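Reviewing the structure listed below.
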Amino acid sequence: MEKKYILALDQGTTSSRALVFDKQGRIHGSAQHSFRQIYPQPGWVEHDPREIASSQLGVMVEAMVSSSVSPDEIDSIGITNQRETTIVWDRRTGKPICNAIVWQCRRTASLVETLCGDSSVAAMVRKKTGLIPDAYFSASKIRWILDHVEGARNLAEEGRLAFGTVDSWLIWCLTSGSVHATDVTNASRTMLFNIHTGQWDNELLDLFNIPCSMLPEVRPSSADYGTTSYPGLPEGIPIRGVAGDQQAALFGQCCFESGRAKNTYGTGCFMLMHTGNVAVESSHGLVSTIAASAPGSSCLEYALEGSVFVAGALIQWLRDELGIIKSAQESEALALTVEDSAGVYIVPAFTGLGAPYWDADARGAIYGLTRGATRAHIVRAALESLAYQVADVARTMEQDSGMRIDELNVDGGASGNDLLMQIQADILGAQLNRPAVIESTGLGAAFLAGLNTGFWKDLDEVRSIRAHDDHFLPRMDSLARRQRMAGWHDAVRRTLSSSDE
Ligand code: ADP
């Protein structure tokens, strides 16, 4: 039967999704299931790996059945996943030995401090992994499991235990345990992987006291990961694409060359800039990570990554805590009733300030209120604050990489707000491109699989799929832009915890 579709499995933090893409990159079918978030103690976050697998395999079948796609029509599967989340299972039984420790979980913060607190150790970790030592990444989570789950250390020393990020776990399940592998992008988020050599690193494994026998084999993002053979599921579908969610989105946004960048506007924002074959060392606290490559790429490719902690979450706050809008969508119509924010600035430092300020103790503030300020001005200032924060991260990336961002490809829930996109283009002084299909993450995984099998011939063909972008061009003159940014930076300065105002 003709292979007409690629199946993308998008395993996220709160839900598992499956998307069926056709040759034009359109979504032909989809399904989504949420699963439990487990909070055993304050600051701890877990998932049940069986629920991750069952929800993901469930939506895979549901997406096919609900869109009348036969498994014979599926060319291949691409997997993209929440990154860093750590799963350890027994190779013999295939059963996880405990819950998955989720990327957000802070239980290993003091362990990381103990192991990497020394500045020379931290510098070594940074140099090898491109990451800033933190509980966020997988290494300390694996160590925690070995130290705290009864019998785990012994089983690991016997070679019985397997570690994987969520991609590896899904591949293991889908292939009934015949493939234990991960891709370079997911490996680069473990803090055990040397991003320059493309190998697991013995010095890092020693530092965290993790036996190398637990680790999956590392493959390129567009490669052969076996075929489906889970009892009761469609058999023999090749798995050919794997990438962590942000790197998959970068690929799905067709940012294949250095200087190309994407930003995802969700609860927070994630910006990635492709830096070619160079792993840029940030001087401003950004991380360097491995980018997904097309098949046949001879060298590793890299990206700089920066995030904004509070983006769409600020719009939720306006809706749920202040109650001045009824829905996130309403923010656009309301903000359009005023010409500007009348000098109001919101610094949404709910959990401190990230790049380039790195001030964990800063707390949010609203500045510039006058008697004439209305809820419309506040909402407009909120949208502007998203744009200012993204502009700060973009400028930081430009400084670190020496490359200018002339265009930014956008996606994520809040990128549907045209006013926000226009404000962003104005504040950044760059063109924004918003694809018709904003499911960049799933699309990226599909591209990686389809390029590997020849479903899509090459990157040019893949690029042509994105031909129908909406564009937002900067309309603000540079003087006005400078004044607005100066107002923002003034507000940020007053918000910093070291500020004496
Ligand atoms: P995530 O994947 O982080 O859950 P989504 O990509 O689904 O997020 O985007 C949802 C976020 O975007 C929410 O925080 C919501 O407040 C915000 N959002 C959604 N639509 C709009 C809109 N039209 N204008 C502004 N913000 C929006």
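The values are calculated or read from the model by the stated rules, or taken from the named source; none is laboratory data. Keep in mind that what you see is a predicted model, and the values were worked out from it rather than measured. All Cβ positions, even for glycine, are placed from backbone atoms using ideal geometry, and neighbour counts span all protein chains on display. Accessible surface areas use protein heavy atoms only, side chains included; no ligands, DNA or RNA. Shrake-Rupley method; radii C 1.70, N 1.55, O 1.52, S 1.80 Å.
Key figures
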quantity	calculated
Hz values of 3J(HN,Hα) by residue in the stretch 384-395 - Karplus curve (6.51, -1.76, 1.60), Gly and Pro given as x	4, 5, 4, 5, 5, 5, 5, 5, 4, 5, 4, 5
For the chain, calculated [θ]222 nm from helices alone, where every DSSP H run of n ≥ 4 adds -39500 (n - 2.57)	-10000 deg cm²/dmol
In nm, spacing of pseudo-spin labels at SER54 and ASN209 (7 Å Cα→C-beta vector)	3.5 nm
The chain: antiparallel DSSP beta bridges as a percent of all, rounded to 5	70 percent
Amide H within-cut-off set for ARG189, under 5 Å, with H built and near neighbours excluded	none
Accessible surface of ARG404 - all protein chains present, 1.4 Å probe, nearest 10 Å²	120 Å²
For the stretch 161-276: rounded, prolate or oblate by the Cα gyration tensor [a/c cutoff 1.5]	oblate
Placed amide H near ASP134: partners under 5 Å, 5+ positions off or other chain	none
The stretch 331-340 - phi-based ³J(HN,Hα) in whole Hz, Karplus 6.51/-1.76/1.60, Gly and Pro as x	4, 5, 4, 5, 5, 6, 6, 10, 7, 7
Positive-end residue of THR441, TYR345, ILE290, charge dipole of the chain with Cβ unit charges	TYR345
Gyration tensor (alpha-carbon) shape descriptor, the stretch 446-501, a/c threshold 1.5	oblate
Under 12 Å, Cβ to Cβ, from CYS105 - net charge with Lys/Arg +1 and Asp/Glu -1	0
SER176 - accessible surface, heavy atoms, 1.4 Å probe, Å² rounded to 10	70 Å²
Accessible surface of the stretch 228-293 [probe 1.4 Å, protein heavy atoms]: carbon and sulfur percent	49 percent
Partner lysines for LYS128 [C-alpha distance under 30 Å; skip if fewer than 8 residues away on the same chain]	LYS141, LYS262
Estimated dipole of the chain in Debye, rounded to 20 [Cβ of Lys and Arg +1, of Asp and Glu -1, Cα centre]	360 debye
Three-way shape call for the stretch 367-440 based on the alpha-carbon gyration tensor, with the a/c threshold at 1.5	oblate
Sulfur and carbon atoms: percent of accessible area, the stretch 357-466 [1.4 Å]	49 percent
Relative contact order [Cα under 8 Å, 6+ residues apart], the stretch 197-241, whole percent	27 percent
The stretch 428-501: trypsin sites (Lys or Arg not before Pro) in DSSP loop, at most 15 other beta carbons within 10 Å	LYS457, ARG475
Where the chain is the region considered: accessible area per residue in Å², 1.4 Å probe	39 Å²
Distant-in-sequence amide H partners of TRP456 (H built 1.01 Å from N, under 5 Å)	LEU451
Dipole moment magnitude, nearest 20 debye, the stretch 275-423 about Cα centre, only Lys, Arg, Asp, Glu C-beta charged	480 debye
Probe 1.4 Å, all protein chains present, accessible-area order of TYR39, TYR136, largest first	TYR39, TYR136
Coil-residue GluC sites (Glu not before Pro) of the stretch 212-260, DSSP, other Cβ within 10 Å capped at 14	GLU235, GLU257
For the stretch 1-57: relative contact order, % (alpha-carbon pairs under 8 angstrom, 6 or more apart)	27 percent
Segments 142-149, 101-108, 318-325, 224-231 sorted - mean Cβ within 10 Å per residue, highest first	101-108, 142-149, 224-231, 318-325
Computed over the stretch 140-299: relative contact order in percent, which uses C-alpha pairs under 8 Å that are six or more apart	21 percent
Accessible area of THR114 in the full protein assembly, 1.4 Å probe (Å², nearest 10)	110 Å²
